[in-house]
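The values are calculated or read from the model by the stated rules, or taken from the named source; none is laboratory data. None of these values were measured; they are calculated from a predicted model. In this analysis, Cβ positions are derived from the backbone assuming ideal geometry, glycine residues included, and neighbour counts consider all displayed protein chains. Please note that ligands, DNA and RNA were not included when accessible areas were found on the heavy atoms of the full protein model with its side chains. Shrake-Rupley method; radii C 1.70, N 1.55, O 1.52, S 1.80 Å.
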Amino acid sequence: MELLNAKKISDNKRAEIKERVAKIKQTTGKIPGLATILVGKNPASQVYVKSKIKASENVGIKTFHHNLDNNASKKDIVNLIKKLNENSEVDGILLQLPLPNNNDVQDCVNAIAPSKDVDGLHPINIGLLNLSKSWIEIIKKNILVPCTPLGIIYLLHKLGITIEGKTAVIIGRSNLVGKPIAMLLLANNATVIMTHSKTKNLKEVCRNTDIVITAIGKPRFINRDFIKDRTTIIDVGINRTPNGLCGDVDLNDVKDLDIKITPVPGGVGPMTITMLLENTLKAFNKKNGLKK
Ligand code: NAP
């Protein structure tokens, strides 16, 4: 088993982003800005938002944080988003999910201006991604793509792992991870198999593939019964257990296999935040008519 060094790739990318932000400040006098919205006090969400703010400030992105009360209504959230849409200092808006009190997530996300939708969850951005025929087109058109899937593709490219012509199985069909990663893999010419909780023979499906991307949120669910040698595994799962964080893959069980795998923590997580920074710059550049 080879643990893929996602942390190093993520650190290098953040260093590059920091240089680009410094250059932007120098040449335009402007500072790219990211607004974060946290509703309530979900401990995991608090940690994620804090990490996102810290990472943004470390590369020189200006942050605007808004913490809404646990009882904030859809109207409260949408009104705040509308104000941020109008704020010229804000290039990206991140609404931390999940929302408490069954607030309608999609209605809130739909209020974000598509040009500031750095999580890539607005229907316009999802539509643009789904309509894209190639990876090159996605890059050239500066489409705002959800951060975790974008980070996964970036990681695979940087590690020199071939996607074109390979078979990739995705476990989990969420709007945040499963569906957009399927689109990105297709755009990179993989043959994609989407699976979910109703899939029959998941083990056999996974054993006949080159790449497995798991995003189910079940600690150590994927063991050696699912994996054959020479598979690349991207473990998106972040599961809190009494013994700390772990992914969807049982690392101990697969450790003797000839596989490459991203660790949890330290794998896809940091890449996700790095791509949020990248998307904020993308939104800034697009607004200001600048090239990367
Ligand atoms: P989600 O919305 O809860 O979706 C989970 C998906 O997994 C669903 O499609 C579900 O199938 C499927 N599933 C559940 N049990 C399954 C099983 N036994 N076999 C096959 N499929 C199964 O989750 P999400 O938002 O995509 O997140 C998934 C995990 O990734 C979580 O642990 C989350 O914390 C983590 N995550 C990490 C990052 C990061 O930055 N690293 C970012 C986002 C999410 P059905 O649709 O049939 O119910």
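Here are the numbers:
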| quantity | calculated |
| --- | --- |
| Selection from segment 181-201 of residues that are assigned to a strand (DSSP E or B) and either under 14 Å from L156 (Cβ atoms) or of a type in the set (V, I, T) (or both) | T191, V192, I193, T195 |
| Residue selected from segment 247-260 under the condition open to solvent by less than 30 Å² (accessible area, probe 1.4 Å) and out of contact with any Gly (no Cβ under 8 Å at 6 or more places or on another chain), by the criterion farthest from D117 (Cα to Cα) | L257 |
| Extreme residue, farthest from the ligand (Cβ to nearest atom), among residues of segment 146-167 that are outside any helix (DSSP H, G or I) and surrounded by 17 or more Cβ atoms within 10 Å (Cβ to Cβ) | K166 |
| Residues located in segment 182-202, provided they are over 22 Å from I161 (Cβ atoms) and away from the ligand (no atom under 12 Å from the Cβ) | none |
| Test result for N110, open to solvent by 60 Å² or more (accessible area, probe 1.4 Å) and either closer than 19 Å to A35 by Cα or within 16 Å of the ligand (Cβ to nearest atom) (or both) | yes |
| Subset of segment 203-219 [within 24 Å of I126 (Cβ to Cβ) and near the ligand (Cβ under 9 Å from one of its atoms)] | T214, A215, I216, G217 |
| Segment 268-289, residues that are within 16 Å of the ligand (Cβ to nearest atom) and of a type in the set (G, A, S) | G269 |
| Subset of segment 112-126 (residues that are in a helix (DSSP H, G or I) and either acidic (D, E) or in contact (Cβ under 8 Å) with a residue 60 or more places away in the chain (or both)) | S115, K116 |
| Neighbours by Cβ (under 9 Å, 6+ apart or cross-chain): first from segment 234-246, in contact (Cβ under 8 Å) with a residue 60 or more places away in the chain; second away from the ligand (no atom under 12 Å from the Cβ) and assigned to a loop (DSSP other than H, G, I, E, B) | I234/L4 |
| Odd one out for I170 among (1) within 13 Å of the ligand (Cβ to nearest atom); (2) in a helix (DSSP H, G or I); (3) open to solvent by less than 10 Å² (accessible area, probe 1.4 Å) | (2) |
| Residue match in segment 134-142 (condition: part of a loop (DSSP other than H, G, I, E, B) and either acidic (D, E) or touching a strand residue (DSSP E or B) at 6+ places or on another chain (Cβ under 6 Å) (or both)) | no |
| Residues of segment 35-76 satisfying the condition of being part of a helix (DSSP H, G or I), open to solvent by 40 Å² or more (accessible area, probe 1.4 Å) and hydroxyl-bearing (S, T, Y) | Y48, S51 |
| Residue, nearest to the ligand (Cβ to nearest atom), within segment 237-262, restricted to residues that are under 13 Å from R220 (Cα atoms) and of a type in the set (D, E, K, R) | D248 |
| Qualifying residue in segment 81-88 (condition: assigned to a loop (DSSP other than H, G, I, E, B) and open to solvent by less than 60 Å² (accessible area, probe 1.4 Å)) | yes |
